[in-house]
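Worksheet: one structure, shown below.
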Amino acid sequence: MERRKKKMDQAALIVENGDSNYGVAQKGSLKGDRTNIALLFFLYTLQGIPLGLSAAIPMILQNRGVSYKQQAEFSFVNWPFSLKLLWAPIVDSMYSTRIGRRKTWMVPSQYMLGAFMLLLSVHVNTWLGDSGQEPNIGILTILFFSLNFLAATQDIAVDGWALTMLRKENVGHASTCNSVGQTAGFFLSYVLFMALESPDFCNSYLRDVPHTDGLVTLAGFLFFWGWVFLVTTTIVAVFKKEEVSGSTTSGSEEAERDLQTAYSFLWQILKLRPVQVLVLILLTAKIGFSATDSVMSLKLVEAGIPKERLGLMAVPLIPLQIALPLIIAKYTTGSKPLNIYVKVIPYRLMFGFVAAFLVWVTPFLVTDAHAGIPIYYYALVLICYSLHQVCVYCMFVTCMAFFAKISDPLVGGTYMTLLNTVTNLGGNWPATLALWFVDNLTFKECIGGNSTITDNTCRDHLEEELCTKNEGYCSTYLDGYYVETVVCAIIGTLWLSWARKHINYVQMLPDAAWKLTNKRNKQ
């Protein structure tokens, strides 16, 4: 759920600029800001395009028989948004006054995004293995990592520009543009793309005459958006002027901090003992859920569920995703918002076994996905995903509330973004490891065929080919996913017994314990 980090980053920026009404626009006229709001929405939509494509590629690769170690390698493309704090001070401090503080970074980032997409459109089919060779995971990882790195850089610039582009009474609309725009971009490049790229979906719902290809191809989709990035970036660069710092329409002067000061703030925050305890909690909190979060969907695709059908599962969940934060927020306004965080964890750990059961039962309930998937199976999957979303959003909203509560207003943006970055990183590294170890924990054997291959354990692609050539087949007698589910549940339970008292400790601390001002006064 990498998209949720955007809401927290926007909260960070608003906190740093003294607006306590995060996520809620102050009452005021939109006159004069409607065009700016539309522009922000469009920029955040563009930002969601590479994120959605990065989520779609693993589904495509799964249908091409790549290993889970290769999926783990590709999962590194999701890391830039979890590491952007490392270069955010550079984006904030170094710029050309002639071009504009935010356009200095936004314009080149979007031009490069367009160029990378055009490059991918020419070679992506070859790198995905459509020409008969194996997918080139290395090149795909480098290029999609670069796309997300550029998108993260654009994100830093646009988040800052949003606060000076809008008048102060309308700055709360920036968070709406952020969440809705990026969700729209993700939907276009993940859900809609996978549906239109699928021949089965298009033949079933959009065509009268069946065809072997979908309505769009990945190469064509990348080519189209590559030119959209190039053309629209040129229009913004030429026609949209950036206000000079200090004379913004919002009436509040942007903080002018040099690079050394920006990194100094980060170091001072990390030296606080409560922050160190909280960082350790955040970096390890998602180990218990990593198998479910990173492997479950790929296992369903492996079991025969079309990837586009799984993508479309996100559509009925959209109202739930919108309503949940509003409902949960009512219970996070007290002095101990993380109480809900702790209470939800056992349910999320138990959901890992529910997800494993769903994966196990899928081949029995869906014997032929091309012939049709039973309605009751869709209902089962939708219920499981809905329960999962409730748990995820409970943890997310309580974290966001606690971060807003403890952040030092002096450096609110830096403080919130640091904690948000650590939270995202705490989800990415366990997910990568979970994908990496699936193959190592899976045990197979070659069944049937020539008796001379009885020692074949199908441990790699070469042994699988050898088994097939000898008229045998690889049978899995222990799936690493189920092993990981049990191991993660045990680790998660042990972690909870350790973390419960530490979470209570950080909640009981006075607000002064989190402030940098006290540290300075002592010095």
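The values are calculated or read from the model by the stated rules, or taken from the named source; none is laboratory data. For clarity, every value in this text was computed on a predicted model and none was experimentally measured. Heads up, the Cβs are rebuilt from the backbone with ideal geometry, glycines too, and the neighbour counts pull from every protein chain shown. Note: accessible area is taken over every heavy atom of the protein model, side chains too, but ligands, DNA and RNA are not part of it. Shrake-Rupley method; radii C 1.70, N 1.55, O 1.52, S 1.80 Å.
State all residues of the range 168-204 that are open to solvent by less than 50 Å² (accessible area, probe 1.4 Å), of a type in the set (A, V, I, L, M, F, W, C), farther than 19 Å from residue 220 by Cα and in a helix (DSSP H, G or I); if no residue qualifies, say none. The answer is 174, 177, 184.
Quick grid of which residues meet (1) surrounded by fewer than 22 Cβ atoms within 10 Å (Cβ to Cβ); (2) basic (Lys, Arg):
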site	(1), (2)
266	yes, no
273	yes, yes
291	no, no
294	no, no
310	yes, no
320	yes, no
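With respect to the conditions (1) in contact with a helix residue (DSSP H, G or I) (Cβ under 7 Å, 6 or more places away or on another chain); (2) modelled with pLDDT under 90; (3) open to solvent by 50 Å² or more (accessible area, probe 1.4 Å); (4) among the hydrophobic types (A, V, I, L, M, F, W, C), residue 11 lacks only one, and its number is (3).
Of the residues making up the range 109-119, just one is hydroxyl-bearing (Ser, Thr, Tyr) and either over 23 Å from the mean Cα position of the chain (by Cα) or surrounded by 22 or more Cβ atoms within 10 Å (Cβ to Cβ) (or both), namely 109. Cβ separations smaller than 8 Å between residues 6+ apart or across chains give the following pairs from the range 306-322 residues that are among the polar types (S, T, N, Q) to residues that are crowded, with 18+ Cβ neighbours inside 10 Å: 321/393.
Search the range 422-462 for residues being among the hydroxyl-bearing types (Ser, Thr, Tyr), outside any helix (DSSP H, G or I) and open to solvent by 50 Å² or more (accessible area, probe 1.4 Å), and hand back the single one that is modelled with the highest pLDDT. Checked the range 422-462; the qualifying residue modelled with the highest pLDDT is 457.
Using the structure shown, decide if residue 224 is on the phi < 0 side of the Ramachandran plot, open to solvent by 80 Å² or more (accessible area, probe 1.4 Å) and modelled with pLDDT of 90 or more.
For residue 224, the condition - on the phi < 0 side of the Ramachandran plot, open to solvent by 80 Å² or more (accessible area, probe 1.4 Å) and modelled with pLDDT of 90 or more - is met.
Considering (1) within 17 Å of the chain's Cα centre (by Cα); (2) at pLDDT 85 or above, the lone condition that residue 179 does not fulfil carries the number (2). Among what's in the range 50-108 and is among the charged types (D, E, K, R) and surrounded by fewer than 19 Cβ atoms within 10 Å (Cβ to Cβ), pick the residue that is farthest from residue 152 (Cα to Cα). By that ranking, first place goes to 64. Only one entry in 278, 326 is assigned to a helix (DSSP H, G or I) and open to solvent by less than 30 Å² (accessible area, probe 1.4 Å), namely 278.
Within the range 477-492, does at least one residue satisfy the condition of being more than 26 Å from residue 363 (Cα to Cα) and touching a residue at least 60 places away in the same chain (Cβ under 8 Å)?
In the first step, residues of the range 477-492 are kept if they are more than 26 Å from residue 363 (Cα to Cα); the result is 490-492.
Within this subset, residues satisfying the condition of being touching a residue at least 60 places away in the same chain (Cβ under 8 Å) are 491-492.
Yes.
Does the range 210-220 include one or more residues that are touching a residue at least 40 places away in the same chain (Cβ under 8 Å) and more than 20 Å from residue 130 (Cα to Cα)? Within the range 210-220, none of the residues are touching a residue at least 40 places away in the same chain (Cβ under 8 Å) and more than 20 Å from residue 130 (Cα to Cα). All told, residue 295 falls short of being in contact with a Lys or Arg (Cβ under 6 Å, 6 or more places away or on another chain) and assigned to a helix (DSSP H, G or I). Taken together, 333, 414 contain a single residue that is modelled with pLDDT under 90, hydroxyl-bearing (Ser, Thr, Tyr) and open to solvent by 50 Å² or more (accessible area, probe 1.4 Å), which is 333.
When the range 362-379 is filtered for residues that are closer than 20 Å to residue 479 by Cβ, open to solvent by 20 Å² or more (accessible area, probe 1.4 Å) and in a helix (DSSP H, G or I), the ones remaining, listed by number, are 363, 364, 365.
Comparison of 100, 18, 52, 48 shows that the only residue that is part of a loop (DSSP other than H, G, I, E, B) and at pLDDT 85 or above is 100.
Among the residues of the range 159-182, is any more than 27 Å from residue 75 (Cα to Cα), in contact with a helix residue (DSSP H, G or I) (Cβ under 8 Å, 6 or more places away or on another chain) and of a type in the set (Ser, Thr, Tyr)? Yes, the range 159-182 has at least one match. Within the range 494-509, the set of residues being open to solvent by 80 Å² or more (accessible area, probe 1.4 Å) and either in contact (Cβ under 8 Å) with a residue 40 or more places away in the chain or over 26 Å from residue 431 (Cβ atoms) (or both) comprises 500, 501, 505, 508. Among the residues of the range 120-173, those identified as touching a Leu at 6+ places or on another chain (Cβ under 6 Å) and small (Gly, Ala, Ser) are 121, 162.
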